[in-house]
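The values are calculated or read from the model by the stated rules, or taken from the named source; none is laboratory data. Because the structure is predicted, anything quoted here is derived from the model rather than measured. FYI the Cβ positions are ideal-geometry reconstructions off the backbone, even for glycines, and counts take in every protein chain you see.
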Amino acid sequence: MRKLAALPLAAMVPLALPLLLGACGLHPLYAGGGNGVVARGLAGVEVSPIAGKAGWLMRAALADKIAAAGPATAPRYRLDVRLDDKVEGLGLLSNNTVGRERRTLRARYQLVDLASNSVLLDATAGSDAGVDVVTSEYATVAAEETALENLTRLVAQRIVVNVAVHLPAAQP
């Protein structure tokens, strides 16, 4: 006991940290891997079709993220997503042309229980990206498309994590 008391406070904090974390109520979301509670819950989520090119990209990104959790099972939940995709000019150059654009992707999504047709989760997620407007129209369009692809992956990840947290089976 004297050896422990002789340790400086800075050395005792790392020793006590595992004990404190167990008492805080946190638990790993993806515990159990592909056989865990969250993976089994996500495997029962089907994604409704989403209109437009951004919708096609979003549905594919959501399906990829959900499939990564584990093998698909019979759908118990439906994920409905509506997208708002905007490109707006920001900076005006001296010749009155736009020098920078912002692409914004917002998603409003609902997780619906198929058995009761009740909405379990109604939330939004979004992100934006800056795009330089250059003299080459092709390069600008390519940058806008790349920004959309990156934004759909980012927003899809946020949606899947939020859905995983709110799945009834994922509750502690």
Original post:
What is the residue count in segment 115-138 for residues that are within 21 Å of G44 (Cα to Cα), among the small types (G, A, S) and surrounded by 14 or more Cβ atoms within 10 Å (Cβ to Cβ)?
Top reply: 1
Subject >> Selection status of G126, farther than 25 Å from V38 by Cβ and either assigned to a helix (DSSP H, G or I) or not hydroxyl-bearing (S, T, Y) (or both) >> reply: no
**OP:** State yes or no: is I50 more than 16 Å from the chain's Cα centre (by Cα), under 17 Å from Q157 (Cβ atoms) and not in a strand (DSSP E or B)?
**Re:** yes
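Residues G99, G55, G89: which one is part of a helix (DSSP H, G or I) and either of a type in the set (A, V, I, L, M) or out of contact with any helix residue (DSSP H, G or I) (no Cβ under 6 Å at 6 or more places or on another chain) (or both)?
Only one candidate passes the filter, namely G55.
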Subject >> Selection from segment 102-123 of residues that are hydrophobic (A, V, I, L, M, F, W, C) and in a strand (DSSP E or B) >> reply: L105, A107, L111, V112, V119, L120, L121, A123
Subject >> segment 63-109 - residue that is in contact (Cβ under 8 Å) with a residue 24 or more places away in the chain and among the polar types (S, T, N, Q) and, of those, surrounded by the most Cβ atoms within 10 Å (Cβ to Cβ) >> reply: T104
Original post:
Does A60 meet the test of being loosely packed, with under 14 Cβ neighbours inside 10 Å, within 21 Å of the chain's Cα centre (by Cα), under 30 Å from G44 (Cα atoms) and aliphatic (A, V, I, L, M)?
Top reply: no
Subject >> Selected residue (only one of V141, V112 is of a type in the set (V, I, T), without any contact (Cβ under 8 Å) to a residue 40 or more places away in the chain and exposed (fewer than 14 other Cβ atoms within 10 Å of the Cβ)) >> reply: V141
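Residue by residue, here is whether (1) farther than 22 Å from V160 by Cα; (2) among the β-branched types (V, I, T); (3) at pLDDT below 90 holds:
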{"site": "G22", "(1), (2), (3)": "yes, no, yes"}
{"site": "G34", "(1), (2), (3)": "no, no, yes"}
{"site": "V37", "(1), (2), (3)": "no, yes, yes"}
{"site": "G41", "(1), (2), (3)": "no, no, yes"}
{"site": "V47", "(1), (2), (3)": "no, yes, no"}
{"site": "A51", "(1), (2), (3)": "no, no, no"}
{"site": "A61", "(1), (2), (3)": "no, no, no"}
{"site": "D85", "(1), (2), (3)": "no, no, no"}
Original post:
For segment 131-172, how many residues are of a type in the set (A, V, I, L, M), within 21 Å of the chain's Cα centre (by Cα) and part of a helix (DSSP H, G or I)?
Top reply: 14
